[in-house]
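Below is one structure, written out as structure tokens, with a few remarks after it.
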Amino acid sequence: QVQLVESGGGLVQPGGSLRLSCAASSFTFVFSSYAGSWYRQAPGKERELVAGVTSAGGSTNYADSVKGRFTISRDNAKNTVYLQMNELKPEDTAIYYCNLNKRGYDYWGQGTQVTVSS
């Protein structure tokens, strides 16, 4: 089985920063073959894609709402995907979920709460 554990969430003021981490572990999992992404879901809203990174880390994409503020990255040696979040806004408040995927496979973390409030 593949286990994804998110960490780094918490309460921050508007304009603040957080760095989320998603650590993957498995006896047979090949982390570097999976694209990584972060999704978020706020109360009353559908889950949305925030950012994605290719398996080798060479390409990234972002939702328009976070582009220029968030940065997704990965360290394949550590089996970890990161989301650096800067200039946080109240509308960024949500549960953030890590996802790893490739054709025919899709893994999710349990989520970590991010709350942006003064």
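The values are calculated or read from the model by the stated rules, or taken from the named source; none is laboratory data. A quick note: this is a predicted structure, and the numbers were derived from the prediction, not measured. With ideal geometry, Cβ positions are generated from the backbone for all residues, glycine too; neighbour counts draw on all protein chains shown. Surface accessibility is based on the protein's heavy atoms, side chains included, excluding ligands, DNA and RNA. Shrake-Rupley method; radii C 1.70, N 1.55, O 1.52, S 1.80 Å.
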note = Picking from N101, N61, the residue that is part of a strand (DSSP E or B), of a type outside the set (S, T, Y) and farther than 15 Å from Y34 by Cβ would be N61
ask   = Among G36, G8, G68, which is the only one that is touching a Lys or Arg at 6+ places or on another chain (Cβ under 6 Å), modelled with pLDDT of 95 or more and on the phi > 0 side of the Ramachandran plot?
value = G8
remark   = Selection from segment 90-108 of residues aliphatic (A, V, I, L, M) and within 14 Å of P43 (Cβ to Cβ) yields A94, I95
inquiry  = Looking at segment 31-53 only, could you name the residues that are touching a residue at least 40 places away in the same chain (Cβ under 8 Å), under 16 Å from E91 (Cα atoms) and of a type in the set (A, V, I, L, M)?
reply    = A42, V50
Qualifying residues in segment 1-55 (those that are among the basic types (K, R) and part of a loop (DSSP other than H, G, I, E, B)) - the one least open to solvent (accessible area, probe 1.4 Å) = R47
request  = Could you list all residues from segment 85-118 that are exposed (fewer than 14 other Cβ atoms within 10 Å of the Cβ) and either without any contact (Cβ under 8 Å) to a residue 24 or more places away in the chain or closer than 12 Å to G8 by Cβ (or both)?
outcome  = R103, G104, D106, Q113
